[in-house]
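The values are calculated or read from the model by the stated rules, or taken from the named source; none is laboratory data. Computed from a predicted model, the values in this text were never measured in an experiment. All Cβ positions, glycine included, derive from the backbone under ideal geometry; neighbour counts span all protein chains shown.
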Amino acid sequence: MTDIHVIGVGMTQFKTPKHGDPYTVMGKQAISAALTDAGVPYEAVQQAYAAYVYGDSCSGHRVVYEAALTGIPIFNVNSNCSSGSSALYLARQALLSGAVECVLAVGFEQMAPGALSEGWQDRPTPLERFLEIADQKLKDSSAPMAPRLFGAAGREYCEQYGMSAATLAKIPVKARRHALHNSRAVFREPLTVGKSWRVPRSAIP
């Protein structure tokens with residue numbers, strides 16, 4: 001098999017953690033919408049790949065079980081921000097191998113309020129080397145994990161390619177502009193780049 005087709009897509013409403021639905025509800029809604037969009041019954045699905053980060057082992061099984069129980073293999077994919085694309089890649093790989101003809105890829109996340117954090121505090125973090133580099137770049141390790149990682153990456157990019165803070169600030173402005181046309185987006189209020197962002201590259205700490 002060489003031609004792979006995405007025949008159905010489903011997406012739920014994005015919500016803040018305090019107002020979000022349980023992952024079982026979100027996952028089931030997304031699967032149902034995708035199957036309806038595809039025009040195929042769940043019984044046509046031969047494998048499922050479930051992507052998430054903040055959940056116990058086999059959370060993917062629980063979500064797919066909410067759709068139906070047919071005994072298909074279900075694989076859980078946990079790879080931080082690349083979880084969704086990894087699940088989609090594995091689904092495509094299964095199709096290309098000829099092992100199956102119809103595969104489901106589903107992603108979900110039930111977030112906790114507050115800053116992102118790691119679930120295990122009694123063992124080495126898999127992000128240890130990344131955080132060490134981030135702390136060297138930022139000269140400060142007091143910020144939460146996610147701002148440290150993304151902030152350091154943004155600073156590195158600005159330094160390497162000469163991008164200004166004003167240009168960087170245009171990214172969320174553009175994202176909000178698109179969100180205005182997406183009824184499922186969680187943040188839809190428009191943003192603008194204030195004068196405080198218009199600083200020379202040399203001023204970026």
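Condition check for Thr36 on (1) touching a Ser or Thr at 6+ places or on another chain (Cβ under 9 Å); (2) over 18 Å from Val100 (Cβ atoms): one failure, at (1). Read through the list (1) in a loop (DSSP other than H, G, I, E, B); (2) in contact with an Asp or Glu (Cβ under 9 Å, 6 or more places away or on another chain); (3) touching a residue at least 12 places away in the same chain (Cβ under 8 Å), then give the number of the only condition that Ser83 fails. Here Ser83 clears every test but (1).
Of the candidates Ala152, Ala146, Ala112, Ala165, the single residue that is aliphatic (A, V, I, L, M), surrounded by 14 or more Cβ atoms within 10 Å (Cβ to Cβ) and within 24 Å of the chain's Cα centre (by Cα) is Ala152.
Could you count how many residues in segment 52-75 are outside any loop (DSSP other than H, G, I, E, B) and not hydroxyl-bearing (Ser, Thr, Tyr)? Here the count works out to 9. The criterion of being touching a Leu at 6+ places or on another chain (Cβ under 6 Å), part of a helix (DSSP H, G or I) and either at pLDDT 95 or above or not charged (D, E, K, R) (or both) does not hold for Ala105. Within segment 6-23, can one find any residue that is in the same structural domain as Leu95 (by TED's automatic domain parsing), outside any loop (DSSP other than H, G, I, E, B), over 23 Å from Ser97 (Cα atoms) and modelled with pLDDT of 95 or more? Looking through segment 6-23, at least one residue is in the same structural domain as Leu95 (by TED's automatic domain parsing), outside any loop (DSSP other than H, G, I, E, B), over 23 Å from Ser97 (Cα atoms) and modelled with pLDDT of 95 or more. Listed conditions (1) without any contact (Cβ under 8 Å) to a residue 24 or more places away in the chain; (2) not in a helix (DSSP H, G or I) are all met by Tyr49, apart from (1). Answer yes or no: is there a residue in segment 89-101 that is closer than 30 Å to Pro22 by Cβ, in a strand (DSSP E or B) and in the same structural domain as Cys58 (by TED's automatic domain parsing). Within segment 89-101, not a single residue is closer than 30 Å to Pro22 by Cβ, in a strand (DSSP E or B) and in the same structural domain as Cys58 (by TED's automatic domain parsing).
Across segment 140-158, not a single residue is classified as within 30 Å of Gly10 (Cα to Cα) and in contact (Cβ under 8 Å) with a residue 40 or more places away in the chain. Checking each residue in segment 115-133 for being hydroxyl-bearing (Ser, Thr, Tyr) and more than 17 Å from the chain's Cα centre (by Cα) picks out only Thr125. Looking across segment 116-141 at every residue that is over 20 Å from Ser79 (Cα atoms) and of a type in the set (Lys, Arg), the one that is surrounded by the most Cβ atoms within 10 Å (Cβ to Cβ) is identified as Lys137.
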